[in-house]
Amino acid sequence: MLTTTRQQRFDAIVIGSGIGGLTVAALLSKLYHKSVLVLEQHFTPGGFTHTFERKGKFLWDVGLHYVGNMGDGGTGKAVFDYLTNGNLNWHKMPDPFEKFVYPNFTFEVYSDPNRFQSDLIQRFPREQTAIRRYFKDVQKAAFWFGAHSHVGAISGIAASSTQAVCSSFWGHC
């Protein structure tokens with residue numbers, strides 16, 4: 001918590017300390033060396049990333065249940081490693097990582113997408129065509145999201161490089 005009696009200047013003020021606000025603040029600070037003030041009205045920073053407890057025995061997460069793509073080589077892990085200087089440790093959740101309980105049946109979800117697909121088809125055989133199409137669509141969306149993210153990163157690097165070269169010759173751009 002920052003308390004001060006003198007006036008301070010910040011390059012950026014981020015309102016809200018949820019995962020998005022903290023990510024933006026960290027990126028502004030790390031990438032652009034900006035002085036950033038993060039403001040939060042709640043007494044616990046972190047937005048939907050924190051938990052709360054009742055009666056000393058009930059624990060709830062308020063929004064974020066689990067995060068995927070945190071294995072070595074994953075984009076998500078690379079981003080968090082950069083933001084935290086590698087100080088955030090990720091642990092794979094045990095399988096099954098999710099269980100849906102309905103009046104007539106229970107369905108467990110495993111992390112292997114092939115198993116997830118085959119379990120769905122086994123449970124809902126008449127929906128096999130739709131389930132297979134859904135998994136193909138998810139793969140396409142993931143591919144295009146990754147391609148778009150990489151193009152954006154490359155164009156950002158190119159823009160930074162162009163800015164640096166331009167500044168070295170003319171002092172500004």
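The values are calculated or read from the model by the stated rules, or taken from the named source; none is laboratory data. Note that the structure is predicted; figures quoted are calculated from it, not measured. Backbone-built Cβ (ideal geometry, glycine too); neighbour counts: all protein chains shown. In case anyone asks, the SASA skips ligands and DNA or RNA and just uses the protein heavy atoms, side chains included. Shrake-Rupley method; radii C 1.70, N 1.55, O 1.52, S 1.80 Å.
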Points 7 angstrom from Cα along the Cβ direction at Ile13 and Thr44: gap in nanometres?
-> 2.7 nm
Rounded, prolate or oblate: which fits region 91-139, taking a ≥ b ≥ c as square roots of the Cα gyration tensor eigenvalues, rounded meaning a/c under 1.5, else prolate when a/b beats b/c?
-> oblate
Can you run phi through the Karplus equation (6.51, -1.76, 1.60; θ = phi - 60°) for region 42-54 and list ³J(HN,Hα) in whole Hz, with x for Gly and Pro?
-> 6, 6, 10, x, x, x, 6, 9, 9, 10, 9, 10, 10
Just order 91-99, 25-33 by mean Cβ neighbour count inside 10 Å, highest at the front, would you?
-> 25-33, 91-99
Residue farthest toward the positive end of the dipole of region 16-144, with Cβ of Lys/Arg at +1 and Asp/Glu at -1: which of Pro103, Asn87, Ile131?
-> Ile131
Can you put Trp90, Trp144 in order of accessible area, largest first, using a 1.4 Å probe?
-> Trp144, Trp90
Per region 61-145, sqrt(5λ) over the Cα gyration tensor eigenvalues, sorted largest first, in Å, gives 29, 18, 10
So if R0 is 41 Å, what FRET efficiency would His33 and Lys136 give, r being the distance between their Cβ atoms, rounded to the nearest 0.05?
-> 0.40
Region 1-152 - Debye-derived log10 I(q)/I(0), Cα point model, q = 0.18 Å⁻¹ | -1.29
Once both label points are put 7 Å beyond Cα along the C-beta direction, the Trp144-Glu53 separation in nm becomes 4.6 nm
Lys136: which lysines have alpha carbons under 25 Å from its alpha carbon, excluding same-chain residues fewer than 8 sequence positions away?
-> Lys77, Lys92, Lys99
Sorting Arg126, Arg9, Arg115 by accessible area (1.4 Å probe), largest first, what list results?
-> Arg126, Arg9, Arg115
